[in-house]
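Enquirer: Questions regarding the structure given below will be posed in turn.
The values are calculated or read from the model by the stated rules, or taken from the named source; none is laboratory data. Owing to the predicted nature of the structure, the values given are computational and were not obtained by experimental measurement. Because the Cβ atoms are built from the backbone with ideal geometry, glycine has one as well, and the counts that use them run over all protein chains shown.
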Amino acid sequence: MDKEILEDFKKESKNLLNEMKGILDSIEGDFEKVLELEQYGQTVDRIMGGAKSLATNFAEEFPAEHFIHQLGDYAALCKAVGYKASQIKNNEQFYNICVALLMDASDMLDKMLTQLGSTNVLSVSGLLSKTFLDRLKWVSNQFGEEVRATVSTPQNSKDKKMSQTEIDDLLKKLGL
């Protein structure tokens, strides 16, 4: 694989990350903008898709233990929380907790992207604090099974829910 491809992925992902952070900054403390968290989810989905696509297309260079797989799985968690939080009803305090968590999660994703391609890459579990992980698990446990974890369309509104088990499985894949 050409190093330029990885650098292009990092550059595009950093641009998307800036969009994500802009969304969060613009909605922080404004519960009426809860639906804008879906845009956050769509944006982080592009990072997740790019990471998974690179991992698949360059499987020889990115074996299963390579950091890009962890980055893609971590982005999937951010996506799930963003989509699920976009559906919060009548709970401004929980909305504020989710936005704050996503701000921290986005900062961690930024650190992961910076490390990608470096020779001294830490694992995702090495980057995340216990406090952050406890908050992530607590937040994900607050969502019911009826809450979808992807964009809402008439075709997928019934079958695109991410169960707590799937979220737990992603956390396990990340070594958390």
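Enquirer: Looking at the stretch 12-27, which of its residues are more than 15 Å from Asp107 (Cα to Cα) and touching a residue at least 24 places away in the same chain (Cβ under 8 Å)?
Expert: Scanning the stretch 12-27 gives Glu12, Ile27.
Enquirer: Let me spell it out: the conditions are (1) part of a helix (DSSP H, G or I); (2) modelled with pLDDT of 70 or more; (3) out of contact with any Ser or Thr (no Cβ under 8 Å at 6 or more places or on another chain); (4) of a type in the set (A, V, I, L, M, F, W, C), and Leu171 meets all of them except one. Which number is the exception?
Expert: (2)
Enquirer: Out of everything in the stretch 1-59 that is modelled with pLDDT of 95 or more and of a type in the set (Val, Ile, Thr), what residue ends up being nearest to the chain's Cα centre (by Cα)?
Expert: Among them, the one singled out is Val44.
Enquirer: Which one of these does Gly126 not meet: (1) at pLDDT 90 or above; (2) closer than 29 Å to Glu7 by Cβ?
Expert: (1)
Enquirer: Let me ask something else about it. Considering only residues that are in a helix (DSSP H, G or I) and β-branched (Val, Ile, Thr), which ones fall in the stretch 80-120?
Expert: Val81, Ile97, Val99, Thr114
Enquirer: Would you be able to tell me the number of residues in the stretch 8-54 that are within 16 Å of Lys79 (Cβ to Cβ) and out of contact with any Cys (no Cβ under 6 Å at 6 or more places or on another chain)?
Expert: The number of residues fulfilling the criteria is 26.
Enquirer: A further question follows. Taking the condition of being aromatic (Phe, Trp, Tyr) and either in a loop (DSSP other than H, G, I, E, B) or touching a residue at least 12 places away in the same chain (Cβ under 8 Å) (or both), how many residues in the stretch 121-143 meet it?
Expert: 2
Per-residue answers, yes or no, for (1) exposed (fewer than 15 other Cβ atoms within 10 Å of the Cβ); (2) over 29 Å from Val34 (Cβ atoms); (3) out of contact with any Asp or Glu (no Cβ under 8 Å at 6 or more places or on another chain):
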| residue | (1), (2), (3) |
| --- | --- |
| Glu60 | yes, yes, yes |
| Pro63 | yes, yes, yes |
| His66 | no, yes, yes |
| Lys79 | no, no, no |
| Tyr83 | no, no, no |
| Lys89 | yes, no, yes |
| Val99 | no, no, no |
